[in-house]
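Here the structure comes first, spelled out in structure tokens, and everything after it is commentary.
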Amino acid sequence: MAEPIGLGLPDVAPVIAPRRKTRQLMVGNVGVGSDHQVSVQSMTNTKTHDINSTLQQIAQLTTAGCDMVRVAVPKPVDAEALTAIAAKSPIPVIADIHFQPKYIFSAIDAGCAAVRVNPGNIKEFDGRVKEVAKAAGDAGIPIRIGVNGGSLDQRILAKYNGKATPEALVESALWEAGLFEEHGYGDIAISVKHSDPVLMVQAYQQLAEQCDYPLHLGVTEAGPKFAGTIKSSVAFGALLSRGIGDTIRVSLSADPVEEIKVGDQILQALNLRQRGFEIVSCPSCGRAQVDVYKLADEVTAAFEGFDVPLRVAVMGCVVNGPGEARDADLGVASGNGKGQIFVKGEVIKSVPEAKIVETLLEEAERIIEEEGLQPVKGVKADIKVTG
């Protein structure tokens, strides 16, 4: 028998570009900046004053792999709920403040891990920066200056003829950061979000060249699940592949848990987060001698709940299957009523088609035990089509 070919995943996953060097922040127990992995966050869509519902959703987000969570504070009752939420949440809580500066101080007093402020729509914000800087500094928490294309400071907007250009977003963010720096406060992260992915990418690129603040990436109002996923993936990929970005939120008109799933997969695809369990399958073609779609669905169902870093390939052709799935730890190439089972590129056995799923499960369990594979936080099965 020929020597087995080592075709598993590399020991050290390559990245496209080194991370942009930034100052380092701590949001609760989560590090943000170039010395830490890119984190994924979301925002609850419950009424924050409904403490039980909010905490329940935070628990769901945590299970999905969320690193930190933002909660809205539009009313006094929401501000009053922050103490209980911050104390009981399993992940750091960030208070999201618009319009009323008094809620910034409520959030700090409540023990939130960070505060996000939108200077463009907070009343008389510039005149309160000194107070905010002192309160946040005394509490030892960071502030994210979140500038949005839809709520840009009117003074900046007027300067750029009413258009939220990349230059306008960057100028607004750096102006506000400069006010904090004048008062000796520099624990700042910045976001310059826009609903247009191209303008958003341009804004972050310009911002990255002009400061060393950690950057939170987001395409605001990205849209429903499918469209929002595409927009966010394109924009985040363009920036993260250049080393730009330290924390991300995929903004979807969908269950917040879906935002975490998409964000996690974007980071895994760029090798910025440890890959979890994956099923890769070919799209089928005229060579296929098996219903690849049906087989892939059966394998997916059988492996539901697996969360270890293992890649399983489902291929419809015994001619090229193992070679095309060369990065797989385990796989099957099917044809003529049977399946060739291979492990890291070496065909180890041939089984009847009816035994394929059962055999894959047995081999997966053997690999997990022999290699001592451990679950990856928040990672669920990922299905990919190759070819």
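The values are calculated or read from the model by the stated rules, or taken from the named source; none is laboratory data. The shown structure was predicted, so the numbers you read here are calculated from the model rather than taken from an experiment. Neighbour counts are summed over all protein chains in view; Cβ atoms, including those assigned to glycine, are modelled from backbone coordinates with ideal geometry. Protein only, heavy atoms only, side chains kept; ligands, DNA and RNA dropped before computing areas. Shrake-Rupley method; radii C 1.70, N 1.55, O 1.52, S 1.80 Å.
Shape index of the range 166-224: Rg/Rh, with Rg the Cα radius of gyration and Rh the Kirkwood radius from the inverse mean 1/r over Cα pairs, equals 1.01. For the range 101-158 versus the range 332-371, the inter-centroid distance based on Cα atoms is 56 Å. Plainly put, the chain has a radius of gyration that is 1.06 times its Kirkwood radius, both from alpha-carbon atoms, as the Rg/Rh ratio.
Here's how it looks for residue 279: its modeled amide H is under 5 Å from those of 312, 382, 383, 384, which are all 5 or more places away or on a different chain. For the chain, the longest principal axis of the alpha carbon atoms and the long axis of helix 129-139 meet at an angle near 60°. Each residue, residue 351 and residue 257, gets one label point 7 Å from its Cα in the Cβ direction; the gap between the two is 3.0 nm. The residue list 24, 333, 65 was ranked by how far each Cα lies along the charge dipole of the chain toward its positive end, using unit charges on Cβ atoms, and 24 comes out on top.
In the range 63-140, the portion of solvent-accessible area held by carbon and sulfur atoms comes to 53 percent [1.4 Å probe, whole percent, DNA, RNA and ligands not counted].
In this structure the amide hydrogen of residue 219, modeled in the peptide plane, comes within under 5 Å of the amide hydrogens of 251, none closer than 5 places in sequence on its chain.
Taken about its Cα centre, the range 186-232 carries a charge dipole of about 280 debye when Lys and Arg each add +1 at the Cβ and Asp and Glu each add -1 at the Cβ. Dipole magnitude for the chain: computed about the Cα centre from +1 point charges on Lys and Arg Cβ and -1 point charges on Asp and Glu Cβ, it is near 820 debye. Farthest towards the positive end of the charge dipole of the chain, among the residues 277, 85, 316, is the Cα of 85, using unit charges on the Cβ of Lys, Arg, Asp and Glu.
The angle between the Cα long axis of helix 225-240 and the longest principal axis of the Cα atoms of the chain comes to about 80 degrees, rounded to the nearest 10. Annotation for the range 168-193 versus the range 16-61: alpha-carbon center distance of 20 Å. Remark: the range 148-161, residue by residue, has Karplus-estimated 3J(HN,Hα) of 10, x, x, 9, 6, 3, 4, 5, 5, 4, 5, 4, 9, 6 Hz, where x stands for each Gly or Pro and the curve is 6.51 cos²θ - 1.76 cosθ + 1.60 at θ = phi - 60°. Database remark: amide H of residue 343 closer than 5 angstrom to the amide H of 348 (H placed geometrically; neighbours at sequence offset of 5 or more, or on other chains; Pro and chain starts carry no H).
Once R0 is set to 51 Å, what does the formula 1/(1 + (r/R0)^6) return for the Cβ-Cβ distance between residue 56 and residue 159, expressed as a FRET efficiency to the nearest 0.05?
0.70
Helix 166-182 axis versus longest C-alpha principal axis of the chain: approximately 60°, rounded to the nearest ten. A full extension of the chain between residue 17 and residue 291 corresponds to an added length of 94.7 nm, given 0.36 nm per residue minus the alpha carbon distance.
Secondary structure note: in the chain, about 30% of the DSSP beta bridges are antiparallel. Our coupling estimate for the range 101-107, obtained by passing each phi through the Karplus curve with A = 6.51, B = -1.76, C = 1.60 and θ = phi - 60°, is x, 4, 6, 4, 6, 4, 5 Hz, Gly and Pro reported as x. Its alpha carbons considered, the range 219-371 gives a radius of gyration followed by a Dmax of 17.7, 50 Å.
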